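Structure record follows, encoded as structure tokens.
The values are calculated or read from the model by the stated rules, or taken from the named source; none is laboratory data. The shown structure was predicted, so the numbers you read here are calculated from the model rather than taken from an experiment. Cβ: placed from backbone, ideal geometry, glycine included. Neighbour counts: every protein chain shown.
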Amino acid sequence: MSEAGSLLQAPLSEDERRAVRASLASGARLRARVVGSSMWPTLRHGEVVVLVDGAPRPGEVVAIEAGGRLVVHRLLRVESDRWILRGDANLRADAPVSRDALLGRVERVERGGEELQLAKRPVAPLRWLVGVTRRVAALRGRARASRTPSR
């Protein structure tokens with residue numbers, strides 16, 4: 001299976017989208033650079049992900065094109081013909097997307113000169129940290145409310 005040397009970048013024209021899908025369907029692997037922190041700590045800004053063809057399952061990381069941007073997020077669930085995605089560092093799911101938005105499934109990440117397989121689930125400590133952060137924020141809100149003088 002071949003792997004393209006150049007990096008995939010959005011926005012893609014309709015012809016480029018068709019070419020990406022055809023390349024992946026023929027067994028090629030395509031590379032794309034991660035921009036942003038929505039998938040931290042699973043994926044870090046500047047890392048390169050390798051995309052392959054194949055029907056993703058919930059828990060896997062996929063690449064889609066949405067709003068002219070290349071988005072790499074985790075597939076949470078499928079609801080009829082819509083996919084629900086979310087970045088591992090995000091608290092809320094993305095707006096549902098059509099299956100047609102799919103470009104590829106993320107097979108691995110290139111990190112520090114190594115190639116790493118991705119976990120099927122977000123990193124557990126992150127979920128714990130998010131839960132603790134929410135609880136602390138709620139407690140702070142209650143404490144502030146109880147200190148507010150009544151008139």
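What to note about this one:
- Within the stretch 41-53, residues that are within 16 Å of residue 17 (Cα to Cα) have Cβ atoms under 7 Å from residues that are modelled with pLDDT of 90 or more and loosely packed, with under 14 Cβ neighbours inside 10 Å in these pairs: 53/25, counting only partners at least 6 apart in sequence or on another chain.
- Being within 28 Å of residue 129 (Cα to Cα) and of a type in the set (D, E, K, R) holds for only one residue in 15, 88, 100, and it is 88.
- Those residues of the stretch 30-70 which are among the acidic types (Asp, Glu) and modelled with pLDDT of 90 or more, in sequence order: 47, 53, 60
- Selection of the stretch 71-89 for residues being out of contact with any Pro (no Cβ under 8 Å at 6 or more places or on another chain) and modelled with pLDDT under 90 yields 80, 81.
- Restricting 57, 18 to those that are surrounded by fewer than 16 Cβ atoms within 10 Å (Cβ to Cβ), over 11 Å from residue 105 (Cβ atoms) and of a type in the set (Lys, Arg) reduces the list to 18.
- Residue within the stretch 13-33 that is closer than 20 Å to residue 93 by Cα and among the aliphatic types (A, V, I, L, M) present: no
- Filter result for residue 25 (surrounded by fewer than 14 Cβ atoms within 10 Å (Cβ to Cβ), in contact with an Asp or Glu (Cβ under 6 Å, 6 or more places away or on another chain) and either hydroxyl-bearing (Ser, Thr, Tyr) or touching a residue at least 12 places away in the same chain (Cβ under 8 Å) (or both)): yes
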